Structures are given as C-alpha cells and as structure tokens.
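Q: Before anything else, here's the structure in question.
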Amino acid sequence: MNAVTPHIKKDKKLHIMTWGCQMNVYDSAKMADLLAPLGFGLSDEAQGADLVILNTCHIREKAADKMFSELGRLHKQQKQETVANRPKMIGVAGCVAQAEGEQIMARAPYVDMVFGPQTYHRLPEMVAKAVRNKGGVIDTDFPIESKFDFLPTETAGQGPSAFLSVQEGCDKFCTFCVVPYTRGAEYSRPVSAILAEAQRLIDSGAKEITLLGQNVNAYHGAAENGQICGLGQLIEAVAKLDVTRIRYTTSHPKDMDDALMAAHRDIEKLMPFMHLPVQSGSNIMLEAMNRKHTRDDYLRVIEATRKATPHIAFSSDFIVGFPNESDKDFEDTLQLIRDVNFAQAYSFKYSERPGTPAASMAGQIPEDVKTARLAALQELLFSQQRSFNEGFIGKTIPVLFDRHGKLDGQLLGRTPHMQSLYVQDGTRNGQGMFGQIANVKINHVTTNSLEGVIV
Ligand code: SAH
Ligand code: SF4
Ligand code: F3S
C-alpha cells in the first residue's frame, strides 16, 4: 500500500506548515492523507499552493503573533494569486486554532477554515463548505466521536522513521500548561487500531515507529480480549511486527510502571532512551506546578529504570522562572540535573499562557532572572550532553538513516540513544544507505551531533 489512492489525479497543491510537537507532525501527515482523495498533492511551497494549512502550537509565548505574521504573508499571496484567477484557500489548524478560533476569524477574515486537533477528520467537508460559502468555516468542538475512527487507512507513509499517535489529550492540568485545554481529555486508542496502523507504516517503508501521546505512558487502551493494556504491553505487541526500532514519547514520571521498565529490559527493539520531563528539581515548585510527583519520586523512577536497563539514556524538559522560584528552588533543579546526568534536554523560560492558573499567580519572575537561570541551566545540561556524546568516540553503533544532508552524499540519522549523527559518504560498498540501519564508527562529536563512517 505504498501509493495514496493512485486512481486520483493530484491536480491541486497542498502546503502544510507544522509547528510544535510530534503530535502535530503526525496530524499534518493525516491531513495530507485526508485531502489526497480530493485531488490534493503535497507541495513544498506556499507560493502557488491551492490550499495552505498552518498547523499551529500554543505552548510558547508569541505563538499567536508568529501565526498572524505568517497569515499576513499568505494574505498577500492570496490576493496576488486570486488576481491570476486561482483562489487560494487558507486553513489554520492545531492548538492556537483551538484556543483562539474566533479571534483568528475576526482578525484575519480572509482565512477560510479554522479547526482544532480533534476535528481535522472533518477536513474534506470543511473544504467543500468553505468553497461553497467562500470561507468562514470554524470547527473547534471536542466531538464525542474520536477522530481516529474517521481517519483514512490509505497513507502516503512517513518514510523510514514514522510517528503513530496512540494516546491523546491530558487530564493532569499542570498549572503552566495549555495542552489539556487545546487537546482535550485523555484518550487511548484501541490496540487493534494501533497495530493495523503500525503495519501500514511498515508496509510503506517505516523501520522505526515512535508511539506518541502527551502522556504516552498513561496509555490504557482496550485489547481484543476486552482487557485494558498498558504501554509496556502495547510495545510488546508492536515488537511482534516486522519493525526494527520502537520508541515512545512523552512520558510522565507519575505514570511509570513495572511493565514499561520490563519492556526496556526485555525487548531489544525498544530503544534505550527515555524522555521523562521533570520541569523542576524543587518540591515547592513541583507542588505549585501541580506535577503530582516529588523530586524523590522522579529520582526513584530513574534509579529503577537504570537498574532494569543500565545503558538507558534520559532526556527531560525543564522550566526556569516559574512564579516564586527562589535561588534555592533553582539550585535544587541544578542538583537534580547533577544527580541524574542527562544525555540531552529541552529547557524553557516560564511563559504565561493565558487561561492557565500559573498565569495569574503572584510572584512572576523578572525576565533578566529567567534569562540568567536558563543560561546557567543550559551550561550544565550541555556539558552533560557533550560528555555523553564523547563517550562514543571510537565506538561502532547502529544508525538508522532517515534524512538526506545538505551536501551531496551526506546522510543524517539517529543512534539508539537518539543522538543526531551524520556521515559524509552515505554509502556502503557504493550502496546508498538511506532508510537502512548501518554500523557507524564514531570519529568526531560535538554537543549536538556525532560524525562517523559507515563500516
Ligand atoms: N506532556 C508533556 C509535555 C508537554 S509540553 C509533559 O507532561 O511533560 C512540552 C514542554 O513544554 C513541557 O514539558 C514544558 O517543559 C514546556 N512548557 C509547557 N508550558 C510551558 C510554559 N507555560 N512555559 C514554559 N514552558 C512550558
Ligand atoms: Fe501539560 Fe502537564 Fe499534561 Fe504534560 S502532563 S501535557 S505538561 S498538563
Ligand atoms: Fe504545541 Fe499543541 Fe503540541 S500546544 S506542543 S502543538 S499539543
């Protein structure tokens, strides 16, 4: 099932710009699959496209500003291309659309469709409606039906490394976070639907599948026998398919269980890497963030997982400058980082998200303090990341090549521990290794990447 509906002529161009997390990347791929039967083929450029969709993210400050400035650019194109007698349609999707649908239509009335992460399965109807009504379609419900039941099974595929959403939404309500408001309540897809989709991804060339969810280790989907299955069991089932590598993201410390740790110990296809956001090392901050775990809970999870799988590597997310964060709270975070030793991490200055409890808390931290703390935190994290990478110099490790580099013949890929790696000559015995796993001898590393030669 490699081709998408081959009998349909793709005489219209679709361009999708994707911001935010992997769930958005997955959703964009599904939007393309949904629109293929209507004659839309993917284009790399907004210029000349019949339909442009902005798939937006609301997690950072200025997300809406960024979107409106992109819309301004598209509006100019829309006017020019309408003059050339080709009305161009514009759609806004994703988490900003969900949170600010009405404002988008009011401020940018030239936008044809606004829809959220849980309604894009209705995209073909929306396009038809927008054509009939000349725009103005808003669909930001949280429908009772699950979009997954309406997504097409035919897929263009995602290449050697593919995403598969298994769990969506969030019921945790961390006080800084918009996700529970933009993605809705937590929902787990049934096991059989996931396995069928995994098989289709494999048929279209996937060697690696990353199971996605905002709280992926809270997964509790129904199995064929009616029993509820956790993430550990789901991974076991996916591992029986003809896939070479399995990953999953993002996990929550509170949802770690023995079955997932056992999966790391027993299933070779499951890569030895875990992204486990902690946000802060201070119990006072964790409580104010409503994270539902303490610093010690987190350290215990790390210790138990390392005991089961000694070579596992950890990554995390950190927020500095949450309201009322003191120097002592910040020092607790630095100490937690020293205690764990991370292979990589993402770190952010706290930013007020409208409508979240933390946005109206007293004790907001001045920008210069946030900036200084972020710099200190990143210095420590980057030094850990660099020494982690340096440990691989001279070693030979298996790499899945999933992207082409800028220079001719260059290939980019990922190591089992999720490091970015590149080789200058992406061939073995003259044979191109794109989409394949090859052993690479590492001869040079930086903080952000590894370089080596295929052996
Ligand atoms: N579900 C995941 C993360 C989702 S959002 C989890 O529970 O960890 C991805 C990351 O963005 C978060 O881990 C957090 O570090 C960051 N983030 C979310 N809201 C933020 C805000 N208001 N300010 C700064 N960083 C934020
Ligand atoms: Fe946001 Fe917290 Fe849910 Fe993660 S667990 S998505 S940070 S509310
Ligand atoms: Fe952003 Fe929505 Fe993902 S806010 S991080 S795109 S869930």
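The values are calculated or read from the model by the stated rules, or taken from the named source; none is laboratory data. Values in this document were obtained by computation on a predicted structure and should not be read as measured data. A quick note on method: Cβ atoms are made from the backbone with ideal geometry, for glycine too, and the neighbour counts reach across all protein chains shown. The protein model used for the area step is the full one, side chains on, heavy atoms only, and it has no ligands, DNA or RNA in it. Shrake-Rupley method; radii C 1.70, N 1.55, O 1.52, S 1.80 Å.
Q: Which condition number does Lys269 fail, the rest of (1) within 26 Å of Asp242 (Cα to Cα); (2) without any contact (Cβ under 8 Å) to a residue 24 or more places away in the chain; (3) charged (D, E, K, R) being met?
A: Evaluating Lys269 over (1) within 26 Å of Asp242 (Cα to Cα); (2) without any contact (Cβ under 8 Å) to a residue 24 or more places away in the chain; (3) charged (D, E, K, R) leaves (2) as the failure.
Table: residues versus (1) open to solvent by less than 50 Å² (accessible area, probe 1.4 Å); (2) in a loop (DSSP other than H, G, I, E, B).
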{"site": "Gly226", "(1), (2)": "no, yes"}
{"site": "Leu234", "(1), (2)": "yes, no"}
{"site": "Val238", "(1), (2)": "yes, no"}
{"site": "Leu241", "(1), (2)": "yes, yes"}
{"site": "Arg247", "(1), (2)": "yes, no"}
{"site": "Leu260", "(1), (2)": "yes, no"}
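Q: Give region 168-192 a look and list any residue that's closer than 14 Å to Tyr26 by Cβ and either more than 11 Å from ligand 2 (Cβ to nearest atom) or surrounded by fewer than 17 Cβ atoms within 10 Å (Cβ to Cβ) (or both), or say none.
A: Arg189, the sole residue that qualifies.
Q: Moving on. All but one of (1) away from ligand 3 (no atom under 14 Å from the Cβ); (2) at pLDDT below 95; (3) under 17 Å from the mean Cα position of the chain (by Cα) hold for Val166; state the number of the condition that does not hold.
A: Going through the list (1) away from ligand 3 (no atom under 14 Å from the Cβ); (2) at pLDDT below 95; (3) under 17 Å from the mean Cα position of the chain (by Cα), Val166 breaks only (2).
Q: Just to be sure, is Ile365 β-branched (Val, Ile, Thr), surrounded by 13 or more Cβ atoms within 10 Å (Cβ to Cβ) and not assigned by TED's automatic domain parsing to the domain that holds Glu287? I'd like the intermediate steps shown before the answer.
A: Values: β-branched (Val, Ile, Thr): yes; surrounded by 13 or more Cβ atoms within 10 Å (Cβ to Cβ): yes; not assigned by TED's automatic domain parsing to the domain that holds Glu287: no.
Criteria not met by Ile365.
Q: Quickly run through region 78-92 and pick out the residues that are at pLDDT 80 or above and part of a helix (DSSP H, G or I). Lay out the reasoning, then the answer.
A: If we filter region 78-92 for residues that are at pLDDT 80 or above, which is where we start, we get 78-81, 88-92.
Hits for region 78-92 are Gln78, Lys79, Gln80, Glu81.
Q: List the pairs whose first member sits in region 159-180 and is more than 30 Å from Leu412 (Cβ to Cβ), whose second member is within 11 Å of ligand 1 (Cβ to nearest atom) and in a strand (DSSP E or B), and whose Cβ atoms are under 9 Å apart, counting only residues at least 6 apart or on separate chains?
A: Cys174/Gln279; Phe176/Gln279; Phe176/Ile319
Q: Another question about this same structure. What's the number of the condition Leu276 fails, among (1) closer than 23 Å to Phe176 by Cα; (2) of a type in the set (A, V, I, L, M, F, W, C); (3) open to solvent by 30 Å² or more (accessible area, probe 1.4 Å)?
A: Every condition holds for Leu276 apart from (3).
Q: Then there is this: Would region 298-317 turn up any residue that is away from ligand 2 (no atom under 16 Å from the Cβ) and part of a strand (DSSP E or B)? Break it down stepwise before answering.
A: Here is the first cut: in region 298-317, the ones away from ligand 2 (no atom under 16 Å from the Cβ) are 299-300, 302-314.
Narrowing the set further to residues that are part of a strand (DSSP E or B) leaves 313-314.
Within region 298-317, one or more residues are away from ligand 2 (no atom under 16 Å from the Cβ) and part of a strand (DSSP E or B).
Q: Only one of (1) of a type outside the set (Val, Ile, Thr); (2) assigned to a helix (DSSP H, G or I); (3) more than 16 Å from ligand 1 (Cβ to nearest atom) fails for Asn217. Which number is that?
A: The failed condition is (3).
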